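These notes concern the structure reproduced below.
The values are calculated or read from the model by the stated rules, or taken from the named source; none is laboratory data. Everything quoted here is computed from the prediction, not taken from an experiment. When we count neighbours, we look across all protein chains shown, and the Cβ atoms used for this are built from the backbone with ideal geometry, even at glycine.
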Amino acid sequence: MAIREIKTIGEDVLRKEARKVKQFDKKLHQLLNDMAETMRDAPGIGLAAPQVGVLERVIVIELPEDEKDPQSGKLFEFVNPEIIRRSAEEVEGEEGCLSIPNIVGDVWRAEAVVVKGQDRYGKPQRLEAREWLARAFQHEIDHLNGVLFIDRVEGVDKLRRLVKVVDEKGEEHWEAISLHKLVPA
């Protein structure tokens, strides 16, 4: 396995539509292994192949372990994923992206989705995802279509920059600052 370079906003590969995978071989397996390692190292909870410069319909997702969520702590690998059903109910939530460092924004997404695709061997798979996992699948599948989360944010007031701050105890942590506060009026 190897950690791959994560492409960042401004690089053309992030705005192109990825190709359907037809070969389920060692090269695909290596890509999936590298993507999981790259995602964990970043650290992030999801990664799409275009984010590592590969225009193929491949995503990996892994939510942090949470005893209240049975879908957490599991690595999901989907090849040629597509959302076949979305809940009518949408929820607004904060998203960030490894390809857009230090920016987060509020995005409306379906609260639940059903995703179908294939595993690393080409075997069909289907998953019903809710809440945070549903958001992650929608975000990563958007990447396969050249769409970034900032395209779905409804105005600059919904975007924030993450800045590292030191509290009174001398401990560092991240804080989200409205972009309005960073741009002079």
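Brief remarks on what is shown
- Meets criteria (under 24 Å from Glu131 (Cα atoms), outside any strand (DSSP E or B) and out of contact with any strand residue (DSSP E or B) (no Cβ under 6 Å at 6 or more places or on another chain)) for Lys74: yes
- Taken over segment 2-15, the criterion of being in a loop (DSSP other than H, G, I, E, B) and surrounded by fewer than 13 Cβ atoms within 10 Å (Cβ to Cβ) is satisfied by Ala2, Glu5, Gly10.
- Scan of segment 129-171 for residues that are of a type in the set (Asp, Glu) and over 19 Å from the mean Cα position of the chain (by Cα), ordered by number: Asp157, Asp167, Glu168, Glu171
- Residue that is surrounded by the fewest Cβ atoms within 10 Å (Cβ to Cβ), among those in segment 143-161 that are more than 15 Å from Arg57 (Cα to Cα) and free of Cβ contacts under 8 Å to residues at least 12 places away in the same chain: Gly155
- Looking only at residues of segment 143-185 that are part of a helix (DSSP H, G or I) and modelled with pLDDT of 90 or more, we find that the one that is nearest to Asn80 (Cα to Cα) is Leu144.
- In the set (1) closer than 16 Å to Ile177 by Cα; (2) part of a strand (DSSP E or B); (3) without any contact (Cβ under 8 Å) to a residue 40 or more places away in the chain; (4) not hydrophobic (A, V, I, L, M, F, W, C), Arg85 fails one condition alone, (1).
- Residue count for segment 126-142 under the criterion of being surrounded by 15 or more Cβ atoms within 10 Å (Cβ to Cβ) and in a strand (DSSP E or B): the result is 2.
- Meets criteria (outside any strand (DSSP E or B), at positive phi, out of contact with any strand residue (DSSP E or B) (no Cβ under 7 Å at 6 or more places or on another chain) and modelled with pLDDT under 95) for Gly122: no
- Within segment 64-73, considering residues that are over 16 Å from the mean Cα position of the chain (by Cα) and surrounded by fewer than 13 Cβ atoms within 10 Å (Cβ to Cβ), the one nearest to Pro124 (Cα to Cα): Pro70
- Under the condition of being surrounded by 15 or more Cβ atoms within 10 Å (Cβ to Cβ), in a helix (DSSP H, G or I) and among the basic types (Lys, Arg), the residues counted in segment 20-63 number 1.
- Counted residues, segment 74-116 - those being buried (at least 18 other Cβ atoms within 10 Å of the Cβ), out of contact with any helix residue (DSSP H, G or I) (no Cβ under 7 Å at 6 or more places or on another chain) and of a type in the set (Asp, Glu): 0
- Any chance Gly93 is among the small types (Gly, Ala, Ser) and either closer than 28 Å to Arg15 by Cβ or in contact (Cβ under 8 Å) with a residue 12 or more places away in the chain (or both): yes
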